[in-house]
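Everything below concerns the one structure shown next.
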Amino acid sequence: MIKLPSLGDQVTVRMDAPPAAVWDLVSDVTRIGEFSPETFEARWTRGSTGPAVGAYFKGHVKRNGVGPTYWSLCKVTACEPEQVFEFSVGSDAITVNNWGYRLEPADGGTLVTEYFRLDPNLPTRLYWLVLGPLRRRTNRRGMRTTLERMKTVVEG
């Protein structure tokens, strides 16, 4: 039996700031362009104006930081202030992957975990089997960059 690799990963960075301050950064999708090496802008859509379960936004992505460039539809799937902010990426009918942030108070600061999880359908599993190691490495670098940039802002 072949053991398939996990369809996701995560990176954790400790920030010297309270969860409320970190929450303001991770849940304000309009600021993602300041932090992410791939998503250079985002805006709330479909009448959504801020973070709430069921809210929609679009992210303007430059794949791998170089291209191609496209818009991704996203929907907030978990929103617990100062604890978790998660969203699906795809369409109304199909979820391609999920991204999120978990916040945990720690020693006067906050442990911030950014994570992604791909939908476990057959095409995604096949893609991940072939290209997963490269994409995982790219995503880990991107998550680390995003969190380190957030850390600089929230601690500055």
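Does region 88-137 hold any residues that are in a helix (DSSP H, G or I), at pLDDT 90 or above and of a type in the set (F, W, Y), and which are they?
none
I'd like the full set of residues that are touching a residue at least 24 places away in the same chain (Cβ under 8 Å) and more than 14 Å from N64 (Cβ to Cβ), limited to region 126-142.
Within region 126-142, the first condition is being touching a residue at least 24 places away in the same chain (Cβ under 8 Å), and the residues that meet it are 128-129, 132-133, 136, 138-142.
W128, L129, G132, P133 - these are the residues of region 126-142 that are touching a residue at least 24 places away in the same chain (Cβ under 8 Å) and more than 14 Å from N64 (Cβ to Cβ).
Can you tell me which residue within region 1-39, out of those that are over 13 Å from the mean Cα position of the chain (by Cα) and part of a strand (DSSP E or B), is surrounded by the most Cβ atoms within 10 Å (Cβ to Cβ)?
Applying the filter and picking the extreme gives M15.
Looking only at region 51-72, count every residue that is within 20 Å of R135 (Cβ to Cβ), open to solvent by less than 40 Å² (accessible area, probe 1.4 Å) and not small (G, A, S) and tell me the total.
The total comes to 2.
Take region 96-126 and flag every residue that is open to solvent by less than 30 Å² (accessible area, probe 1.4 Å), in contact with a Phe, Trp or Tyr (Cβ under 9 Å, 6 or more places away or on another chain) and not hydroxyl-bearing (S, T, Y).
Matches in region 96-126: N97, N98, G100, L103, V112, E114, F116, L118.
The values are calculated or read from the model by the stated rules, or taken from the named source; none is laboratory data. Nothing here was measured: the structure is a model prediction, and the numbers come from that model. All Cβ positions, even for glycine, are placed from backbone atoms using ideal geometry, and neighbour counts span all protein chains on display. Areas reflect the complete protein model, heavy atoms only, side chains present, ligands, DNA and RNA absent. Shrake-Rupley method; radii C 1.70, N 1.55, O 1.52, S 1.80 Å.
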